[in-house]
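The values are calculated or read from the model by the stated rules, or taken from the named source; none is laboratory data. Everything quoted here is computed from the prediction, not taken from an experiment. With ideal geometry, Cβ positions are generated from the backbone for all residues, glycine too; neighbour counts draw on all protein chains shown.
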Amino acid sequence: MVSFIILLSLTYTSISIVKVITSEKELQLKETMKIMGLPNWLHWTAWFVNNFLMLLISVILMVVMLKVPWYSGTDVTVFTHSNWLLIFIFLMLYAVAMICFCFMITSFFSKANSASTVAGLAWFVLFAPYLFIQNNYTELSLSTKLATSLFSNTAMGYGFQLILMHEGTGKGIQWDNVWEPATQDDDLYFGHLIIFMLLDSAIYLLIAIYVEAVFPGAYGVPKPWYFLFQKSFWCESQVARKKMGKENTDFSEKRKEHNFEQEPELPIGVQIRNLHKVYNNKTAVNRLNLNMYQGQITVLLGHNGAGKTTTMSMLTGMITPTSGTASVGGYDIRTEMNNARGSLGLCPQHNILFNEMTVREHIYFFGKLKGMDNKGIEDEIKRYLHILELEPKENSQSHTLSGGMKRKLSAAVALCGNSQVVMFDEPTSGMDPAARRTLWDLLRSEKQGRTIMLTTHFMDEADLLGDRIAIMAGGGLQCCGSSFFLKKRFGAGYKLIIVKDTACDVDKVTHTLRRHIPSLEVDQNIASELSYLLEAGMSTLFEPMLQELEEKKQSLNILSYGISLTTMEEVFIKVGKDLELITEDDDIDDSLPELEPEQKNNNSSLRSSTHTLVNVSKPQNLSGVKLVRNRLRAMWMKNYLRTLRSWVMYLIHILLPVCFLIIVMIVTKTIVVRDGLPALDLSLQSYNNPRTPVGLLTNDNESESIYHQYKGLVTTGLDDLNVGISPPSFPDMQQHALDIAKAGFTTYTQRYIVGSTMDYDSDNSTPVITGWFNNQPYHGIPVALNLVHNAVLRSLSGQAYSLSIVNHPLPYTTDTLAKLQNSGANTGFQIAFNVVFSMSIVSAYYILFSIKDRVSKSKHLQFVSGVEVLTYWGTTYLWDYLTFVFIALAMVVTLVVFQEESFSTGVQIEDLALVVTVTLVLFQEDLALVMTLVLCQEDLALVMTVTLALFQEDLALVMTVTLVLIQEDLALVMTVTLVLIQEDLALNRGQDEEYQKGRVLLVILCFGLAMLPLTYLLSFFFSIPASGYTRLVMVNVITG
């Protein structure tokens, strides 16, 4: 019981550790820190130290409670005799094993909710071997005990069992008996368990490190499964920075096209070579080649899905490329990513910040990761806070910041620590214009000595910041160069924009302009705006043309006019259109073909696409019952998809109580239940390796004969006290016993069971035989008397005679059986206890979606869209209860499979099927009635026919409730379920076994009815689904 209490007390702690670490992985915080230079070993060390210090406090308090007297005036504690330091060391080693176990669980999962659920189950699975074998502990071999000790919780159970056994000897566990057995028939030592706690910790930790390296999850570059056998893993050394060679440096020469500007003569910070990434047979990045230079900002443009974020993720090591490679800061991302990350800074597309850390602490933390000293960090903090105007929020936690402030903080985190290569993924998204300008100024001032890569959807931002602009489409690089180069390459020259009056004649304006440029055509004529495209080669004609336009401004009814160059937005659109022409036959090339001059002048000119507007009549909105039906259908579909998309979690929660029941049934069926205690032969042979002292205290012949007969009865372990002593000296049994107890009290209490001395009473002329016994063994007195009586019998009658004494207790009385039933060792108690515990986890499952809906504002959006409160909660309640019904059925089926009492006959199984049918009819047919009855009234007859076949007496009730059901919006569905089940059970009240089975299922279903509303209510106290889940599990365990 002590070990089980400790197991329960650390359940929440273990689940919480798994949840927090996995959440860090799920939110990409871990990978971001690694990108910023955090070594993997330091990450695990930090978590270990953090959890170790937390558990150290708990262990100290546990030891204090175990060793402090609970009653005044006594020295009695829980472990009165045991050494407190040994208990402390054992508990600390158990805490270390628990931390490593949690690390191991986190390495298999990327979602906090799934990891927390499995952690709770696995935590008790580690204790399952001890549950199996604790009743047969004395019959187990040492190898079996040590093998099961590889489960840390089982080792903990063994440890406290040995401590209790040593306490029973009156000495407790001490340093001098760590490698001694608690009983003479036990071969497991406390020292074994200390070693195995360390071994368990090492095994769990190695599994965690290996699995994380080979299967890093959605983010991270996996290592080959055999990486442990690679020389580079064991002999890793500092790799000197190297460049990839000059081949392919000038990619424009390789392509022999003119869509790429000549490469500058600058140091290369990032060099990408044939980088390729494929997802599920779909190419995300297609043989990308690109150089980025120090002291420049390279802007990567592309439509959504063009491969920009994928490219950045590969360069930072968050995902691994399918083929190709890249050099970041001189290090290859495929083989030297850890070295490359030493100079990286990243501002991801979505803010990846620690909610509990302030603005100052973020910059300080990442500055430390990048190797800055305290003085340098303080200067960085002041500078970035001032430039980004975050000084008022210096000590505010990040979750309190607005979206724009979070983007500023993410940019500061990327730039701090003198990162040589900095990557920004849409850094100004969500910022107001003033904040965008502030960040632009910062980036331009920080680019000296750095290689900066930036993605954006703002063309003005690209035009302003980009020293070189690369445009991606279809996963490949289409063009690259300065803003001027791209405008000249893909632009149509200049655009003349005229704002006309209502009386303006477009033909007259066009005729006036054609006097100077005969080939001029109208580009757009929309509302009051008239535009013409002007070729760049005719710029010498612009001055006289505009002068004449100014002179005839009033006569032509022109309000204003102006000339603009081609914008980056037009270039971007043009590149996309040209790619569409190239990919008509699904043939994607890396670059665009060179455009002919006539194409520029005609079809390839930048013109706005025209759209044909089709008049579509507005659909008529539903109202009344049809509207309610539509909303019910939509809510039902949402709940169905929610469960379907998270089927793994649901499956785990179905299997959870089933697994607990299976373990309980197997354990309880291995326990032999007796009506009474077995017969016991009261002789020394019932004890292992006993020591039996015997002494002769007289020279009387009759006493001497009995003395020799007594020695003949003791076949092993005889201590003859007369050895080495000759008359007139005789041994002293009392002093001998005291000497043995002083030498080793545990040995004395465990091995010295009985003894005897023979003397002579000269006054009565009769021998005096004294039987000595140890009062620790229960049967020491009868064994001592049995040996004395047999010695006297053989001395008087000869060797052929002997006495055998057998203690055969009477069968248990009713009171004794009742006490044993209440002790918790019976099947009923174990099923109830484990069902309560598994239901504690299952019921917490339903809090996840309620918290998600509320925190993500999804619930609010549904209310805004017209869903009523009753409809929202009613359909959620119905669907959750339906999913719970299947969990309940899985539990009952498990009991049926094990042929447990009241679930063993064919009649009972058939009746179970009847109740299952009732449940399915209520939750499928009746729900179909609610969903489709108003739509398809012909379904009503079918539903009623089914109901009539099942419950002939309740047809009127069902029909009445059906009408109320439709009108009152599903409010009485659960009431109907209980009524029908109860009525069905009432029909079978004469059959006791079936009725008992029905009650079990009814209790589980009633539990679901009461549990769900309470879970919904408690969901309002949490804002993080994983936290709500783990804490509700603990609340349920405590209250259950």
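Remarks
- Residue within segment 390-412 that is out of contact with any strand residue (DSSP E or B) (no Cβ under 6 Å at 6 or more places or on another chain) and on the phi > 0 side of the Ramachandran plot present: no
- Looking only at residues in segment 763-805 that are more than 29 Å from residue 735 (Cα to Cα) and polar (S, T, N, Q), the one that is nearest to the chain's Cα centre (by Cα) is 804.
- Residue match in segment 207-215 (condition: surrounded by 13 or more Cβ atoms within 10 Å (Cβ to Cβ), in a loop (DSSP other than H, G, I, E, B) and modelled with pLDDT of 75 or more): yes
- Matching residues in segment 31-57 - criterion: being at pLDDT below 90 and aromatic (Phe, Trp, Tyr): 41
- Scanning segment 109-152 for residues that are in contact with a helix residue (DSSP H, G or I) (Cβ under 6 Å, 6 or more places away or on another chain), of a type in the set (S, T, N, Q) and more than 18 Å from residue 651 (Cα to Cα) yields 148, 149, 152.
- Residues being part of a helix (DSSP H, G or I), farther than 25 Å from residue 747 by Cα and in contact (Cβ under 8 Å) with a residue 12 or more places away in the chain - total across segment 136-154: 4
- Those strands (runs of 3 or more DSSP E) lying entirely in segment 490-572 with at least 2 residues of a type in the set (Ser, Thr, Tyr) and under 60 Å from the mean Cα position of the chain (by Cα): none
- Condition met for residue 432 (acidic (Asp, Glu), within 30 Å of residue 21 (Cβ to Cβ) and over 34 Å from the mean Cα position of the chain (by Cα)): no
- A Cβ distance below 9 Å, combined with a sequence gap of six or more or placement on separate chains, defines the contacts here; from segment 541-562, residues that are among the hydroxyl-bearing types (Ser, Thr, Tyr) reach residues that are surrounded by 15 or more Cβ atoms within 10 Å (Cβ to Cβ) and part of a strand (DSSP E or B) in the pairs 560/497; 560/498; 561/496; 561/497; 561/498; 561/530.
- Taken over segment 168-182, the criterion of being surrounded by fewer than 16 Cβ atoms within 10 Å (Cβ to Cβ) and among the acidic types (Asp, Glu) is satisfied by 176 alone.
- When 430, 417 are screened for being modelled with pLDDT under 90, surrounded by 14 or more Cβ atoms within 10 Å (Cβ to Cβ) and farther than 28 Å from residue 328 by Cα, only 430 passes.
- Pairs with Cβ under 7 Å, 6+ apart, first in segment 742-753 and outside the structural domain of residue 775 (by TED's automatic domain parsing), second surrounded by fewer than 19 Cβ atoms within 10 Å (Cβ to Cβ): none
- Residue among 111, 67, 145 that is closer than 19 Å to residue 3 by Cβ, of a type outside the set (Ser, Thr, Tyr) and surrounded by fewer than 21 Cβ atoms within 10 Å (Cβ to Cβ): 67
- Look at (1) touching a helix residue (DSSP H, G or I) at 6+ places or on another chain (Cβ under 9 Å); (2) over 21 Å from residue 486 (Cα atoms); (3) in a strand (DSSP E or B) and you find that residue 278 fails only one, number (1).
- Residues that are touching a Leu at 6+ places or on another chain (Cβ under 9 Å) and either modelled with pLDDT under 85 or under 12 Å from residue 121 (Cα atoms) (or both) within segment 643-668 comprise 649, 652, 655, 656, 659, 660, 661, 663, 664, 665, 667, listed in sequence order.
- Residue list for segment 1-50, restricted to those being assigned to a helix (DSSP H, G or I), of a type in the set (Gly, Ala, Ser) and surrounded by 18 or more Cβ atoms within 10 Å (Cβ to Cβ): 3, 14, 16, 23
- The residues listed here are 1019, 1027, 1023; of these, the one that is outside any helix (DSSP H, G or I) and at negative phi is 1023.
- Pick from segment 492-521, criterion small (Gly, Ala, Ser) and touching a strand residue (DSSP E or B) at 6+ places or on another chain (Cβ under 7 Å), ranking: farthest from residue 555 (Cα to Cα): 492
- Residue tally, condition at pLDDT below 85 and surrounded by fewer than 20 Cβ atoms within 10 Å (Cβ to Cβ), over segment 1026-1039: 5
- Hits in segment 835-885 (condition: over 22 Å from residue 1034 (Cα atoms) and among the small types (Gly, Ala, Ser)): 856, 858, 865, 866, 874
- Taking the criterion of being surrounded by fewer than 20 Cβ atoms within 10 Å (Cβ to Cβ) and within 19 Å of residue 415 (Cα to Cα), the residues of segment 378-400 that qualify are 378, 379, 382, 383, 386, 387, 389, 391, 394.
- Some residue of segment 136-155 being touching a Leu at 6+ places or on another chain (Cβ under 9 Å) and charged (D, E, K, R): yes
- Take the conditions (1) in a loop (DSSP other than H, G, I, E, B); (2) modelled with pLDDT under 90; residue 487 misses just one of them, which is (1).
- Checking residue 428 against (1) out of contact with any strand residue (DSSP E or B) (no Cβ under 7 Å at 6 or more places or on another chain); (2) β-branched (Val, Ile, Thr); (3) outside any loop (DSSP other than H, G, I, E, B); (4) within 30 Å of residue 303 (Cβ to Cβ), the condition it does not meet: (3)
Residue-wise test of (1) under 15 Å from residue 405 (Cβ atoms); (2) among the β-branched types (Val, Ile, Thr).
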site	(1), (2)
327	no, no
331	no, no
335	no, yes
340	no, no
344	no, no
348	no, no
359	yes, yes
362	yes, no
366	no, no
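- Those residues of segment 639-665 which are of a type in the set (Lys, Arg) and in contact (Cβ under 8 Å) with a residue 12 or more places away in the chain, in sequence order: 642
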